[in-house]
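The structure appears below as structure tokens.
The values are calculated or read from the model by the stated rules, or taken from the named source; none is laboratory data. Quick caveat, the model's predicted, so the values are computed rather than measured. Positions of Cβ are backbone-derived with ideal geometry, glycine not excepted, and every protein chain shown enters the neighbour counts.
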Amino acid sequence: MAQHPGERHSGETITIHRIEPHHPEQGVALRTTAQEPDGRLADPHSAYHANRSPPLSWDPVPGAVSYALIVEDPDAPRELPFVHWMIWNIPGDVRELPEGIAPEVIVSQPIGAIQGRNDAGTYGWFGPRPPAGHGAHRYYFQIFALDYTIDTTPDLPLEQLVNAIKGNAIAKGELVATYEAPTSQ
């Protein structure tokens, strides 16, 4: 992606590159039906539109007690990648997240999952909202299969969630979607 003159992007590494799972050869295939063939995330999932979390599914990972999901935008014009979603303690027998998970701390589906605070200051999903004229941004949906359940509060900052995942990740996977600001907003 070409940068426009004067643009600043995060220089920090996204989470998935900072975590080495126990079984690096075993990946987690993450999928969504909310992505266009060109990789673009569908409008209803953008904060410019309905701001609904996209549906996600993945293949089971043997030995997974829980899953954690982090969505980051490294193209945000700021020092650190913008955190769009943190949800953890997704039970190990769950294989999907439904569309439109409510912006609440403890979710009703999947039972037991906890949503953290995103960088917009709310709990749950905050959809893409790149600045107008900033070009397409990349959104990294990063999933981690864990050998335990994270015992913490929903106000856990990203760095502490990363530390809780490190050493307990069995496998990891990612899906990358793009989104650009609508031209008529």
Q.
Going by what's in this entry, would Thr178 be described as in a strand (DSSP E or B) and over 13 Å from Thr15 (Cα atoms)?
A. yes
Q) If you go through the range 76-116, how many residues are in contact (Cβ under 8 Å) with a residue 40 or more places away in the chain, assigned to a strand (DSSP E or B) and buried (at least 18 other Cβ atoms within 10 Å of the Cβ)? A) 9
**Q.** In the range 117-173, the residues that are in a helix (DSSP H, G or I) and of a type in the set (Val, Ile, Thr)
**A.** Val162, Ile165
**Q.** Candidate set: the range 121-155, residues that are of a type outside the set (S, T, N, Q) and out of contact with any strand residue (DSSP E or B) (no Cβ under 8 Å at 6 or more places or on another chain); chosen: the one farthest from Ile90 (Cα to Cα)
**A.** Gly133
Q) Got a sec? Which of Gly100, Gly121, Gly127 is touching a helix residue (DSSP H, G or I) at 6+ places or on another chain (Cβ under 7 Å), at pLDDT 95 or above, farther than 24 Å from Glu20 by Cα and not polar (S, T, N, Q)? A) Gly127
Q. Conditions: (1) buried (at least 21 other Cβ atoms within 10 Å of the Cβ); (2) out of contact with any Pro (no Cβ under 6 Å at 6 or more places or on another chain); (3) outside any loop (DSSP other than H, G, I, E, B). Ser57 meets all but one. Number of the miss?
A. (1)
Q: May I ask you to list the residues in the range 20-54 that are among the hydrophobic types (A, V, I, L, M, F, W, C) and buried (at least 17 other Cβ atoms within 10 Å of the Cβ)?
A: Val28, Leu30, Ala34, Leu41, Ala42
